[in-house]
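The values are calculated or read from the model by the stated rules, or taken from the named source; none is laboratory data. In this text the structure is predicted, and so the values were computed from the model without any measurement. Don't worry about glycine lacking a Cβ; one is built from the backbone with ideal geometry, like all the others, and counts go over all protein chains shown.
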Amino acid sequence: MEVKTVKDAFDRVAKKQKLSCSKTQETVDRLSREIEKALNAIQEPTTDTDNPLLHKSLVSDLKKTVQEIAPSNQLEAAHKELNVALSKYPKVLEKTLNSDISKAYRNVEFDLHTVHQIIASFFYGQGLFDIGDCFISETGEPESSARESFMEMYLILKALKRRDLGPALNWAASNSDKLEQANSDLEMKLHSLHFLKIAQDKKSLDAVNYARKHIPIYSDRGLQKLMCSLLWNGNLDKSPYAGFLSPTLWTKAVKELTRQYCNLLGESPESPLSVTVAAGSQALPPLLKYMNLMVNKKQEWQTMEQLPIPVELSEEFQFHSVFVCPVTKEQSREDNPPMRLCCGHVLCKQSINRMSKNGSKSFKCPYCPSDIDASQCRQLYF
Amino acid sequence: MEIDPVTNGNADAIMTESAPTITPPTTTPVPSSRLSQLTESLKLEHQLLRVPFEHYKKTIRTNHRFFEKEVSSVVSGVGDLADSDWSRDDTVARLSSLVSRLQGLKRKLEEGSNVENLQAQRCRARIDHLESADVENLTEWNNTKLKRILDLVDIDIFREAKKVIDALKNREVASALTWCADNKTRLKKSKSKFEFQLRLQEFIELVRAESYNQAILYGRKHVAPWGATHMKELQHVVATLAFKSTTECTKYKGLFELRQWDVLVHQFKQEFCKLYGMTMEPLLNIYLQAGLSALKTPYGFEEGCTKEDPLSQESFRKLALPLPYSKQHHSKLVCYISKELMDTENPPQVLPNGYVYSTKALKEMAEKNEGKVTCPRTGLVCNYTDLVKAYIS
């Protein structure tokens, strides 16, 4: 990893800076020592009255010593080395890192108001209400509706992080139907945590009662485990159920609650701003590489309808099915949909039309030896 | 997986590894493409390292220059003393003052080196921050990154800039000129003519005020030295002496326009960013643009687009409007039901009505419903055995 090169270069700078600093310090120290020495010698009560010009000779001695110390080559050398390191480091940075990431930038002015709204929602979505409020008031934007909706969630989450299940259970109970619709086991998770909490306070009986009242409706498998764990209550950590003590159960509950809450709100649990910026940091390197190679494409860059190169984002940014016809390399569209040949291979309608001369003859699948009859091809919906 | 030291940190920790309800952490091997992607992303962080370094460098230089001057003046002080005829008492007094001057210098030196060390620490912390990014904690790391793009991390540097910009907006060049003097060598190296432009503007202001004599004096002192390199512009501006600020002569009218001050502000921003190795455009916008383009698909603008896609949001659509669409060379199929990628591990299967879902999702559905699957988009019910495969290359 190149970070090491950068680190080494910086270490050199820091080392030289320290060295140069201590050399300067040394010089200053020596200067004051010499001057003080001379001063003491001059001030010494002397009986030697026949030399009234003693101080003169001492001062001229001092001048000699001082001139020897001051432009000391060592100091100069140390500083020179520091300068070398100082001018080298930015070069290392420029070489290992992309020094100008604005090369693949289209000169469009973003609507400031929209950007502000996005940033404010981001802060609220992260539970950073103070920063969000401060941001809103400084930019003079109208209050964001995102604030209210996220506030409740963060109160629930805050309680949950304190291991207070009350607000979470209340919310889950009042949205029970919707949670079930979304196939979420959040309620079960929360009840289990509550059960374990009661049990941990060494009240096995209370825990059983709680389970009776709240848990059976959901799952028997989970219930079996919970009840069984009571057998080891008190020294659960040495039991097969030690996992029940793990804090990850709590973090999982927090995650699931966030997911479900956002889901019901109609928001994405991942902040759209962080998703976009994360996608941006994946997309920028190939785009910059392209712009570095295609210096004369600067003008085109400002107007092109589609990126000039494919940018491969990782899986988590894949939100839609994209079908690219393996023959024409074009993306499918409504008027050129993907079609499945009877052998199972998939091409775009245009390709099939071309190869079958508009359905007038059968053709060979480009991927296997099958003979294809165009009328047998079926459109696919991804 | 994080292990809480309180509950699991004892000798029995081994046992907890096989806890029944907790799935062990799945350590899938990290694909090399992800690693190289990360490496490439880290290369975008030039500015993160460069800005504090330039700051650090500036401190070192300023400190050094100061000490050099002080030391040499002490040395010449001793020299003067030796060369002139002072009485013993005077000599003592002079030497004592030199000693106390050196003491003060020493204190300053310590302060200075503390500042330097602090700045060095900051540079190092940033390097460590880059080093700390790896594939495992990428989400978290990306989050920190976003926050630092949003907050002005190098705020003191921006304060410096803001002072100059505010002054320029008030039509004062003094602080901009000080800034130029502070960074003289760097600006000279990059052949900047920002100072020249500031001088020209001052000249024009004098002409505007009809203080022609002063203008000429000013021009002689500050503008003429630039003649060697920028004669043409110089002539153009000095010629304004012949005009009034209300001139209609198109060639000179522009020079008197107050808009020129905004041009100066813009130029200052450019010089400033260049000096610190920063991009002119806000980092957030750069990342947003690249991200929006890479995510922009026709599907994102459709009704009922999945809300995980940032482009399902009105505000993001608005920003993405003037940007290019992404380009794809390979098919990528996402299962409508599970949102998982359909690949060789989880191949697509086709229902009799042509709708395609992932094998995993369909299998799961069939297991729950006695071998039957229901198309979530059309309501069609069929047997799992009626499904056919589709090969997507």
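Assess whether A:Glu256 counts as being acidic (Asp, Glu) and touching a residue at least 60 places away in the same chain (Cβ under 8 Å).
yes
List the number of the failed condition for B:Phe256; all other conditions in (1) in contact (Cβ under 8 Å) with a residue 40 or more places away in the chain; (2) within 31 Å of the chain's Cα centre (by Cα) hold.
Failed condition: (2).
Determine which member of the set B:Ser84, B:Ser96 is more than 7 Å from chain A (Cβ to nearest Cβ), farther than 30 Å from A:Glu2 by Cα and either in contact (Cβ under 8 Å) with a residue 60 or more places away in the chain or polar (S, T, N, Q) (or both).
Among B:Ser84, B:Ser96, only B:Ser84 is more than 7 Å from chain A (Cβ to nearest Cβ), farther than 30 Å from A:Glu2 by Cα and either in contact (Cβ under 8 Å) with a residue 60 or more places away in the chain or polar (S, T, N, Q) (or both).
Kindly check whether there is at least one residue in the stretch B:298-307 that is facing another protein chain (nearest Cβ under 9 Å), more than 30 Å from B:Ala161 (Cα to Cα), under 34 Å from the mean Cα position of the chain (by Cα) and buried (at least 22 other Cβ atoms within 10 Å of the Cβ).
Within the stretch B:298-307, one or more residues are facing another protein chain (nearest Cβ under 9 Å), more than 30 Å from B:Ala161 (Cα to Cα), under 34 Å from the mean Cα position of the chain (by Cα) and buried (at least 22 other Cβ atoms within 10 Å of the Cβ).
B:Phe203: of a type in the set (Phe, Trp, Tyr) and touching a His at 6+ places or on another chain (Cβ under 9 Å), yes or no? Give the derivation first.
Numbers: of a type in the set (Phe, Trp, Tyr): yes; touching a His at 6+ places or on another chain (Cβ under 9 Å): yes.
In short, yes.
Taking the stretch A:14-33 as the search range and keeping residues that are more than 9 Å from chain B (Cβ to nearest Cβ) and not basic (Lys, Arg), which one is nearest to B:Tyr56 (Cα to Cα)?
Looking at residues that are more than 9 Å from chain B (Cβ to nearest Cβ) and not basic (Lys, Arg), I get A:Leu19.
Has the stretch B:145-160 got any residue that is closer than 21 Å to B:Leu198 by Cβ, surrounded by 15 or more Cβ atoms within 10 Å (Cβ to Cβ), at pLDDT below 85 and among the aliphatic types (A, V, I, L, M)?
Yes, the stretch B:145-160 has at least one match.
From the set of residues in the stretch A:35-59 that are under 20 Å from B:Arg101 (Cα atoms) and surrounded by fewer than 18 Cβ atoms within 10 Å (Cβ to Cβ), which is modelled with the lowest pLDDT?
A:Gln43
Check every one of the strands (runs of 3 or more DSSP E) wholly within the stretch B:290-389 and list those with 3 or more residues that are farther than 26 Å from A:Gly266 by Cα.
B:348-350, B:381-383
Just checking, how many residues over the stretch A:281-333 are buried (at least 21 other Cβ atoms within 10 Å of the Cβ), outside any loop (DSSP other than H, G, I, E, B) and among the hydroxyl-bearing types (Ser, Thr, Tyr)?
1
Answer yes or no as to whether B:Asp128 is surrounded by fewer than 14 Cβ atoms within 10 Å (Cβ to Cβ), touching a residue at least 60 places away in the same chain (Cβ under 8 Å) and assigned by TED's automatic domain parsing to the domain that holds B:Gln47.
no
Kindly establish whether A:Arg163 is on the phi > 0 side of the Ramachandran plot and among the basic types (Lys, Arg).
On the way: on the phi > 0 side of the Ramachandran plot: yes; among the basic types (Lys, Arg): yes.
For A:Arg163, the condition - on the phi > 0 side of the Ramachandran plot and among the basic types (Lys, Arg) - is met.
So which residues in the stretch A:264-280 are touching a residue at least 40 places away in the same chain (Cβ under 8 Å) and crowded, with 18+ Cβ neighbours inside 10 Å, if there are any at all?
Here is the first cut: in the stretch A:264-280, the ones touching a residue at least 40 places away in the same chain (Cβ under 8 Å) are A:264-265, A:267, A:271-275.
Residues satisfying the conditions are A:Glu267, A:Ser271, A:Pro272, A:Leu273, A:Ser274, A:Val275.
Would you call B:Lys106 within 30 Å of A:Lys7 (Cα to Cα), charged (D, E, K, R) and within 7 Å of chain A (Cβ to nearest Cβ)?
Values: within 30 Å of A:Lys7 (Cα to Cα): no; charged (D, E, K, R): yes; within 7 Å of chain A (Cβ to nearest Cβ): yes.
No; evaluated as a whole, the condition is false for this residue.
For the stretch A:223-243, which residues satisfy the criterion of being in a helix (DSSP H, G or I) and more than 7 Å from chain B (Cβ to nearest Cβ)?
A:Leu223, A:Gln224, A:Leu226, A:Met227, A:Cys228, A:Ser229, A:Leu230, A:Leu231, A:Trp232, A:Leu236
Give the residues of the stretch B:246-285 that are within 14 Å of chain A (Cβ to nearest Cβ) and either more than 30 Å from B:Asp182 (Cα to Cα) or assigned to a loop (DSSP other than H, G, I, E, B) (or both), sorted by residue number. First the steps, then the outcome.
Taking the stretch B:246-285 as the starting set, the residues that turn out to be within 14 Å of chain A (Cβ to nearest Cβ) are B:266, B:269-270, B:273-285.
Hits for the stretch B:246-285 are B:Tyr276, B:Gly277, B:Met278, B:Thr279, B:Met280, B:Glu281, B:Pro282, B:Asn285.
Taking the stretch A:81-140 only, how many residues are surrounded by 15 or more Cβ atoms within 10 Å (Cβ to Cβ), more than 10 Å from every other protein chain (Cβ to nearest Cβ) and among the charged types (D, E, K, R)?
Looking only at that region, the number is 2.
For the list (1) in contact with a Phe, Trp or Tyr (Cβ under 8 Å, 6 or more places away or on another chain); (2) closer than 30 Å to B:Leu288 by Cβ, I need the number of the one condition that B:Asp262 fails.
B:Asp262 satisfies all of (1) in contact with a Phe, Trp or Tyr (Cβ under 8 Å, 6 or more places away or on another chain); (2) closer than 30 Å to B:Leu288 by Cβ except (1).
Read through the list (1) farther than 30 Å from A:Lys103 by Cα; (2) at the interface with chain A (Cβ under 8 Å from one of its Cβ atoms); (3) under 46 Å from the mean Cα position of the chain (by Cα), then give the number of the only condition that B:Pro322 fails.
(1)
Could you count how many residues in the stretch A:64-93 are modelled with pLDDT under 85 and either acidic (Asp, Glu) or part of a helix (DSSP H, G or I) (or both)?
The number of residues fulfilling the criteria is 13.
Just name the residue that is surrounded by the most Cβ atoms within 10 Å (Cβ to Cβ) out of those in the stretch B:40-71 that are more than 7 Å from chain A (Cβ to nearest Cβ), more than 21 Å from A:Val84 (Cβ to Cβ) and not hydrophobic (A, V, I, L, M, F, W, C).
Among those residues, the one meeting the criterion is B:Gln47.
Go through the residues of the stretch A:147-164 one by one and say whether even a single one is under 30 Å from A:Met227 (Cα atoms), charged (D, E, K, R) and more than 26 Å from the chain's Cα centre (by Cα).
yes
So which helices (runs of 4 or more DSSP H) stay within the stretch B:131-231 end to end and still have 1 or more residues that are under 21 Å from the mean Cα position of the chain (by Cα)? Write out each step before concluding.
Details: elements: B:138-150, B:155-169, B:174-182, B:184-189, B:194-208, B:212-218.
Result: B:138-150, B:155-169, B:184-189.
What number of residues within the stretch B:329-342 satisfy the criterion of being more than 7 Å from every other protein chain (Cβ to nearest Cβ) and either touching a strand residue (DSSP E or B) at 6+ places or on another chain (Cβ under 8 Å) or among the aliphatic types (A, V, I, L, M) (or both)?
6
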